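Asker: One structure follows; several queries about it will come next.
The values are calculated or read from the model by the stated rules, or taken from the named source; none is laboratory data. Because the structure is a prediction, the values reported are computed rather than measured. In this analysis, Cβ positions are derived from the backbone assuming ideal geometry, glycine residues included, and neighbour counts consider all displayed protein chains.
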Amino acid sequence: MSAARVLIADDEDSIRFVLRETLEEEGCSVVEVDNGDAALEHLTSGEFHIAFLDIRMPGLSGLELLDHVRASGASTAIVIMTAQNTFENAVDAMKRGALDYLTKPFGIAEVKALTHKATRARALEQEVRELRRQVSEQAVPGERIVGKSPAMLEVFKTIGRVAGRDVSVLITGESGSGKDLVAQAIHAASPRSAMPFVAVNTAAIPRELLESELFGHERGSFTGAVASRVGRFQQASGGTLFLDEIGDMSPDLQAKLLRVLQNREVTPVGSTRTQPVDIRILAATHQDLDRAVEQGTFREDLLYRLRVMPLHIPPLREHAEDVQVLAEYFISQYGAELADGPRFLSQSASDFLTAYDWPGNVRELENSIKRALVISTAEILIAEDFAFLEPRARTGTGDDLAQIIERDVWAALAADETGEIYRTILECVERPLIKTVLEHTDGNQIRAASILGINRNTLRKKIVELGISVPGRD
């Protein structure tokens, strides 16, 4: 790294000292300044491999300097540094073409790795500069996507990277994790933001009506079609179509969707005329689609079309450090509506909420805050205001089956899975039950039916419905 030239711009002496000492030990040539105007002079008069810029300092800000560098066409890689880790800062920095975004205090190893990357891969900086030119100047409305954890910071960065690229994005994550909000943020940050954003929950529409819902239909094409109707694809023309819970789509409709994505044209039900569509597809699912492909319930070619860019939303239990900031956000959002005055979160309540495993993810947390605001009469919410969570809290290996099912039902209720709870929970119990008994009998269905206490024909039907692989068949 001896040839690397580095600029450090920060009004904190300690930050500049640590960075200079670290990078000079690595053989870098380092220039340091304490304000944005001096940084601009150096950036315009000399060539640097990488610049570490504070987001707020006297004179020009780090983001303003980033704009100057990108507008000039210089190949200097820019790393934005901040003590204020917010959704807006992270997305804005990545949209403007930053190499990365560091939150103070940061690790020295990360600084070294970024400097190595800048010296090894100028091509990467060119790609990031292209991203800046392609992405709309419109700010991403991130009011409901809240988080400061490293896991969520990666999500924010990815939104910034993919927003301006007109490719399909497959958003994965558990129910209640905020996949729909991420889809809206991608659309809002894209060049299509001024055009419609149309969302369709494919699991909530009966399969016999979904084709008409998506592609439209002609009058008289089926019973009840008293007038022609424009489908969601045409409604989203010029904008974004968000297909939620895509994993629940039937195989025959998957084939028709694939043809639309390939040909960029739709044929309404009952019509022979094709109509062109110009849309971007965002899809989401809580299912493992790779496994669904293996089981034959999801088309592999459709998966490739949808997953040009994958984006995974981590479950809340994997970024528990965001629970407090999310809870405080929801309190500020709903306090005036549901309480008779301002409400605040006590440390005891924060600790209690952070320790909970949130099977219903962010949606369960949001609903729990609403419930606490309604039932509490005090200005400060305490742990006891969330006592309704206690029966569903994680109790370790001592959980019995009833507790596990109860917790999952509450999670589904919190996720607002209206009309799906009975089927979902029943399948969760039936599938492992039948699978385990079949493994115990080495695939002997007569013995398995006898052990289960059900008719053999019923067992066969369940095997097909649940997609269970019978031992000994292969």
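Asker: Can you list residue pairs whose Cβ atoms sit under 9 Å apart, with the first residue in segment 340-364 being in a strand (DSSP E or B) and the second being buried (at least 20 other Cβ atoms within 10 Å of the Cβ)? Count only pairs 6 or more apart in sequence or on different chains.
Answerer: Correct list of pairs: Phe344/Ile331; Phe344/Leu381; Leu345/Ala327; Leu345/Ile331; Leu345/Leu353; Leu345/Ile369; Leu345/Leu381.
Asker: Does segment 436-471 hold any residues that are among the small types (Gly, Ala, Ser) and touching a helix residue (DSSP H, G or I) at 6+ places or on another chain (Cβ under 9 Å), and which are they?
Answerer: Scanning segment 436-471 gives Ala448, Ala449, Ser450, Gly467, Ser469.
Asker: Then there's this: Name the pairs: first residue in segment 256-276 and acidic (Asp, Glu), second residue buried (at least 17 other Cβ atoms within 10 Å of the Cβ), Cβ to Cβ under 9 Å, at least 6 apart or on different chains?
Answerer: Partner pairs satisfying both residue conditions: Glu265/Val277.
Asker: Which residues, taken from segment 307-326, are β-branched (Val, Ile, Thr), over 21 Å from Ala349 (Cβ atoms) and surrounded by fewer than 21 Cβ atoms within 10 Å (Cβ to Cβ)?
Answerer: Matches in segment 307-326: Val308 only.
Asker: Further, regarding this structure: Scan segment 162-186 residue by residue and report those that are in a strand (DSSP E or B) and either under 10 Å from the mean Cα position of the chain (by Cα) or charged (D, E, K, R) (or both).
Answerer: So in segment 162-186, the residues in a strand (DSSP E or B) come out as 169-172.
Of everything in segment 162-186, those that are in a strand (DSSP E or B) and either under 10 Å from the mean Cα position of the chain (by Cα) or charged (D, E, K, R) (or both) turn out to be Leu170, Ile171, Thr172.
Asker: Which residues, counting only those in segment 93-118, are not in a helix (DSSP H, G or I) and not basic (Lys, Arg)?
Answerer: Answer for segment 93-118, where residues must be not in a helix (DSSP H, G or I) and not basic (Lys, Arg): Gly97, Ala98, Leu99, Asp100, Tyr101, Leu102, Thr103, Pro105, Phe106, Gly107.
Asker: Only one of (1) assigned to a helix (DSSP H, G or I); (2) of a type outside the set (S, T, N, Q); (3) farther than 22 Å from Val146 by Cα fails for Glu88. Which number is that?
Answerer: Going through the list (1) assigned to a helix (DSSP H, G or I); (2) of a type outside the set (S, T, N, Q); (3) farther than 22 Å from Val146 by Cα, Glu88 breaks only (3).
Asker: Cβ-Cβ distance below 9 Å, separation of 6 or more or different chains: which pairs start in segment 1-23 with a residue that is at pLDDT 90 or above and end on one that is β-branched (Val, Ile, Thr) and part of a loop (DSSP other than H, G, I, E, B)?
Answerer: Leu7/Thr76
Asker: So how many residues does segment 25-49 have that are touching a residue at least 40 places away in the same chain (Cβ under 8 Å) and touching a Leu at 6+ places or on another chain (Cβ under 7 Å)?
Answerer: 1
Asker: Given the criterion surrounded by 15 or more Cβ atoms within 10 Å (Cβ to Cβ) and modelled with pLDDT under 90, identify the matching residue among Val162, Val146, Val226, Val200.
Answerer: Of the residues listed, the single one that is surrounded by 15 or more Cβ atoms within 10 Å (Cβ to Cβ) and modelled with pLDDT under 90 is Val146.
Asker: Kindly indicate which of Thr354, Thr285, Thr297 is surrounded by fewer than 16 Cβ atoms within 10 Å (Cβ to Cβ) and among the β-branched types (Val, Ile, Thr).
Answerer: Of the residues listed, the single one that is surrounded by fewer than 16 Cβ atoms within 10 Å (Cβ to Cβ) and among the β-branched types (Val, Ile, Thr) is Thr354.
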